[in-house]
Amino acid sequence: MWGEDAAFRAAIAQLADRARPATGPAGAVCVIDGGRAAAQYPHVATAGPLALIVTDPARVADSLLAEMSTAGVPVIVHRPRLRSDDVAVTGDPGSLRLLTVDVVASGAELRETTVDAVGWARSLAGGPLVLRGGARSEAALLVALDGPGGVPVSLSITRLMSATSPSLLVVGVGERRVEVEIEEVLGVHDVRIHDADGEWRPRPRHEAAARLALRRALAAVDGAVVGDLDDLVHDRALADTMLRGFSS
């Protein structure tokens, strides 16, 4: 693996049987810092990486994401609020009949949190979402969306004027009830499933998000199919459409 991110260097040590530090990007899984992607990516792409891990994706320009999509190598997008292992335990995508998503964030983190909220809604609905309408006030936005098969999705966004860590609550209702709660200031990142047998919570996952991303990148090199980049493009485009004129 090639990259300067300390969290990913720690992940190498935890996956020592499968990964080791590389001296350059050629033939390596490369970690691209979203804040420096414009400078890093051309060098990495020319060298011939095996796969890319993109951190801090909110800072990567749309045009650069488009370039990455044509690079011919797997791209893992590092989204700690939208972990693939959390999504996996929620059950069959598309089996829910109604979804509500609530976002609370300050202006600085509103877009990034909304992008991840759309990602959660897309994941639980089972596919791309379509914007149907919405209403807004100075500090709040309520949006109606449809998922595959017409699954209704309601997404509310509240913009705080003071700087505070964002929160995200997702509730899906069907034969079971799925709840995802993320409160960053409290360190809360919970997934809860309610069914006829009561409430069920997955075992605590102690794997760091960076280790999970590196493990997925190695699996992608071995042939596992990943759709992170397409998912991010979908989530970002929809979030930007909803927020246009609201987050300024």
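What follows is calculated from the coordinates using simple rules that are stated; it is not laboratory data. Given the structure is predicted, the values throughout are model-derived calculations rather than measurements. Counting neighbours? That spans all protein chains shown, and the Cβs are built from the backbone with ideal geometry, glycine included.
With θ taken as phi - 60° and the Karplus curve 6.51 cos²θ - 1.76 cosθ + 1.60 applied, the whole-hertz 3J(HN,Hα) list for the stretch 92-106 is 5, x, x, 8, 8, 9, 7, 10, 10, 9, 10, 10, 10, 7, 7 Hz, x standing for glycine and proline.
Which of rounded, prolate or oblate describes the stretch 158-218 when judged by the alpha-carbon gyration tensor and an a/c cut-off of 1.5? Judged from the Cα gyration tensor, the stretch 158-218 comes out oblate (a/c at least 1.5, b/c at or above a/b). Is the stretch 90-201 best put as rounded, prolate or oblate by its Cα gyration tensor, with a ≥ b ≥ c the root eigenvalues, rounded for a/c under 1.5, and otherwise prolate when a/b is larger than b/c, oblate when not? Judged from the Cα gyration tensor, the stretch 90-201 comes out oblate (a/c at least 1.5, b/c at or above a/b).
Return the calculated 222 nm mean residue ellipticity for the chain, to the nearest 500 deg cm²/dmol, obtained by summing -39500 (n - 2.57) across DSSP H runs with n ≥ 4 and dividing by the residue count.
Details: 7 runs with 81 residues, N = 248.
One gets -10000 deg cm²/dmol as the mean residue ellipticity at 222 nm.
Residues whose amide H lies under 5 Å from that of residue 96, counting only those 5 or more places away or on a different chain, are absent; hydrogens are built 1.01 Å from N in the peptide plane. Using C-alpha pairs below 8 Å separated by at least 6 residues, the relative contact order for the stretch 90-201 is 29 percent. Measuring nothing but how far apart in sequence close Cα pairs (under 8 Å, 6+ apart) lie, relative to its length, the stretch 1-47 scores a relative contact order of 41 percent. Remark on residue 32: its backbone amide H falls under 5 Å from those of 53, 54, 55, a criterion applied only to residues 5 or more positions apart or on other chains, H modelled at 1.01 Å from N. Calculated from the structure, Rg and Dmax of the Cα atoms in Å equals which of (i) 24.1, 76; (ii) 18.4, 54; (iii) 19.3, 55? Matching the structure shown: (ii).
Packing-based ranking of 169-182, 35-48, 113-126 yields 113-126, 169-182, 35-48, ordered from highest to lowest mean Cβ neighbour count within 10 Å.
Which percentage, to the nearest 5, of the DSSP beta bridges contained in the chain is antiparallel?
On the way: 37 of 54 bridges.
If we restrict to bridges inside the chain, about 70 percent are antiparallel.
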